[in-house]
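Single-structure report; data block below.
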Amino acid sequence: SISAEPSISAEPSISAEPSISAEPSTSVEPTMSAEPSMSAKPSISAVPTISAEPSVSNEPTSSSPPSILADAVPTPLDTAGAIVIATVTSAEDLADPTSAQSLAAAFLQADTSDLSSPETTTTELFLERYAAASFLISAGLTDNAQAGVDTCSWTGITCDTSDRVTAIVIDSFTGGSTLPSELGSMEGLTQLFATNGNFVGSVPDTLFTETMTVIDLSNNALNGSLPENVCNATG
C-alpha cells in the first residue's frame, strides 16, 4: 500500500528595536524577507495507491511561532548530532548544500531548543525530527517545521502518546524533490500520505518497513519499480 505528506520552510523575522537616548530616536520598521515561490504542475504517478486519507491542511496555524528559513546556508552540527545523522544519511547528501538532508541538518543546528539535540532528547526522537524536517523540505513545506516546537505539533505530523511519529499527511504541495530515504528511520511510522504533489524519482525501499501499513503517493511524478515483496503483498 502507498501514501504520503508535509515539507519545511522557516522564515526568521528581522526586527530592529528603537534605541532610547536624549536624542529623538527613530524606530526601524521590521521587514520580512520575501521567500521565492515554487510552482510546478503535478503529474500523475503510476505507483499503486491505497487511499483512506484524513482531512489535510498544509498551512501552519496562525498561532505557530516563526519557522527557521530552510534555505539558510547549512552549518555543521554539533558532534553528537552529526554522528547520529550519519547513521541514516550519506556523506554525499549532507555535503550538498541544496539537499533536503543538508537543509534539515542546518535547521536542527539553528534550532537551539532541547528538541533538536540528541544530547537533550532521545536519539530516536532526534532522528524522527530530522527525518520529518527532511521530508517537509523535500515537499516544499518548510513553514510546517517550527523551531522550538515539538515535532508532534508540526502541521501534517501525528504522534502516539510516547511522542513517536505514527503518520504523516500532506496534500497539494509544490515541492519537486525526491522522497528522503530517512523516513525509514521512523520506527513507529505506519501511514504516509503525500498526494497531489511533485515528488520525483523512485520510492525508497526504506519506506517499506514492517510497521508501515498505508502509503499513498498518488498524483506525483514518481517512477521506477517497487520492491518484489511489496508487489506480492496481499494485504
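Things to note:
- Sites N223 and S162, calculated FRET efficiency, Cβ-Cβ separation with R0 30 Å, nearest 0.05: 0.25
- Of the solvent-accessible surface of region 94-144, computed with a 1.4 Å probe over protein heavy atoms with every protein chain present, carbon and sulfur atoms account for 51 percent.
- The stretch between D150 and A95 holds 17.1 nm of extra length on full extension. This uses 0.36 nm per residue minus the Cα-Cα distance.
- Å³ per residue enclosed by the Cα convex hull of region 160-214: 83
- Taken along the Cα-to-beta-carbon direction at a fixed 7 Å, the label points for A82 and T123 span 1.8 nm.
- For region 117-161, the alpha carbon convex hull comes to 73 Å³ per residue, rounded to a whole number.
- Averaged per residue, region 138-198 has 31 square angstrom of accessible surface, using a 1.4 angstrom probe with ligands and nucleic acids left out.
- Under the criterion of Cα pairs below 8 Å and six or more residues apart, the relative contact order for region 138-203 equals 35 percent.
- Scattering curve values for region 123-235, log₁₀ I(q)/I(0), Debye with Cα scatterers, q = 0.18, 0.20 Å⁻¹: -0.88, -1.09
- D114-N196 FRET efficiency (beta carbon distance; Förster radius 30 Å; 0.05 resolution): 0.25
The values are calculated or read from the model by the stated rules, or taken from the named source; none is laboratory data. In this text the structure is predicted, and so the values were computed from the model without any measurement. For neighbour counting, all protein chains shown are included, and Cβ atoms are generated from backbone atoms with ideal geometry for every residue, glycine included. These accessible areas exclude ligands, DNA and RNA; they are computed on the full protein's heavy atoms, side chains included. Shrake-Rupley method; radii C 1.70, N 1.55, O 1.52, S 1.80 Å.
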